[in-house]
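Just below is one structure, and these are the notes that go with it.
The values are calculated or read from the model by the stated rules, or taken from the named source; none is laboratory data. Here the structure is a predicted model, which means the values were calculated and not measured. All Cβ positions, glycine included, derive from the backbone under ideal geometry; neighbour counts span all protein chains shown.
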Amino acid sequence: MHPVIIDILGVKIYSYGFFVALSIYISYLFIKHQLKEYLNEEKIDKLLFKSLFTGFIGAKLVNVIEHPESYLSGKSLSLDYILSFFSSGFSFFGGFMGVSLYIFLYCKREKKHCKKILETFSLAMLLGLSMGKFGCLSAGCCYGKFCSHEFAIIFTDPKSAAPLNIPLWPTQIIESVGYFVLFIISFILTKTTRINTIGFVMVSYSLFRFLVEFIRATTPVVFIFNNIPITWIQVICIILFLIGMYLILYKSKLHTD
């Protein structure tokens, strides 16, 4: 794929950052449309800006903790490195925790329309992830393990984060399609049923991501269970699944408004 979209006089525009920005913008439009009947435009913009800011901090912090070698191995404070630092290398779970923390504090303070806000942000998360995975595909990050099937993907760009000239599972494409399907299903269920949307998103996402982790090659393993390597993300997925099931079974209608 092509990690760098534009390279002018040594200043690079990274495809990862471009698609992340695009995914944020699409999620922004979705959230703004869904909440326009509940919050005025100024409040929506402030809510989005502050949640994205805390999400950015969380996403970057967790990525640094997870892959410290990418930031400490002979790096210099050049303009290219600074641009790369702010346009690539983010952890979804870190962003998820950052955004969730701010939304929780916001709802605790405001105590208005919390159910709708939480539902909308959970749906926007799936939509944004679907688009953002094109950035991972372009950059070669979040790559899969060796794959012997015909649909395997091969990275050839020297700037790619993935191993070169080796057939790999197309995890980025699988995740992009999967998250978009989950978004469509969740959105339809929100409009047609009384199921707890937040719980359904957590359960469906955690199940899907738990399975994808078996073919991904980039997430650190935390322990081995019956000769099966378990990553730290799979551990979090189990926790999210249990919380989501609780919301579906016991909190089918949140009375937070």
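Would you point out which residue out of Phe104, Phe134, Phe92 is within 26 Å of Ile195 (Cα to Cα), crowded, with 16+ Cβ neighbours inside 10 Å and not aliphatic (A, V, I, L, M)? Give the steps one after another, and end with the answer.
Details: Phe104 fails: crowded, with 16+ Cβ neighbours inside 10 Å; Phe134 fails: within 26 Å of Ile195 (Cα to Cα).
Just one listed residue meets the conditions, Phe92.
Here's a check for you: in region 184-243, which residue that is charged (D, E, K, R) and modelled with pLDDT under 90 is farthest from the chain's Cα centre (by Cα)? Steps first, answer last, please.
As a first pass, look at region 184-243 and keep what is charged (D, E, K, R): 191, 194, 209, 213, 216.
The next check asks that each one be modelled with pLDDT under 90; those that pass are 191, 194.
Working: Lys191: 24, Arg194: 26 Å.
The extreme case among them is Arg194.
Can you find a residue that is in a loop (DSSP other than H, G, I, E, B), among the acidic types (Asp, Glu), touching a residue at least 40 places away in the same chain (Cβ under 8 Å) and on the phi < 0 side of the Ramachandran plot anywhere in region 201-217?
Step one: list which residues in region 201-217 are in a loop (DSSP other than H, G, I, E, B), which gives 213-215, 217.
After this cut, where a residue has to be among the acidic types (Asp, Glu) as well, the list is 213.
Applying the additional criterion that residues be touching a residue at least 40 places away in the same chain (Cβ under 8 Å) yields none.
Checked against the condition, which is being in a loop (DSSP other than H, G, I, E, B), among the acidic types (Asp, Glu), touching a residue at least 40 places away in the same chain (Cβ under 8 Å) and on the phi < 0 side of the Ramachandran plot, region 201-217 yields no hits at all.
Here's a check for you: in region 150-179, which residue that is assigned to a loop (DSSP other than H, G, I, E, B) and of a type in the set (Phe, Trp, Tyr) is modelled with the lowest pLDDT? Before the answer, list the steps.
We begin by selecting, within region 150-179, every residue assigned to a loop (DSSP other than H, G, I, E, B); these are 150-152, 154, 156-163, 165-167, 169-170.
When the remaining residues are screened for being of a type in the set (Phe, Trp, Tyr), the result is 151, 169.
Numbers: Phe151: 92, Trp169: 96.
By that ranking, first place goes to Phe151.
Enumerate the helices (runs of 4 or more DSSP H) found wholly within region 37-147, keeping only those where 1 or more residues are over 17 Å from Ser176 (Cα atoms) and modelled with pLDDT of 85 or more. Spell out the reasoning first.
Numbers: elements: 41-66, 69-72, 79-87, 92-110, 114-139.
The helices (runs of 4 or more DSSP H) meeting that bar are 41-66, 92-110, 114-139.
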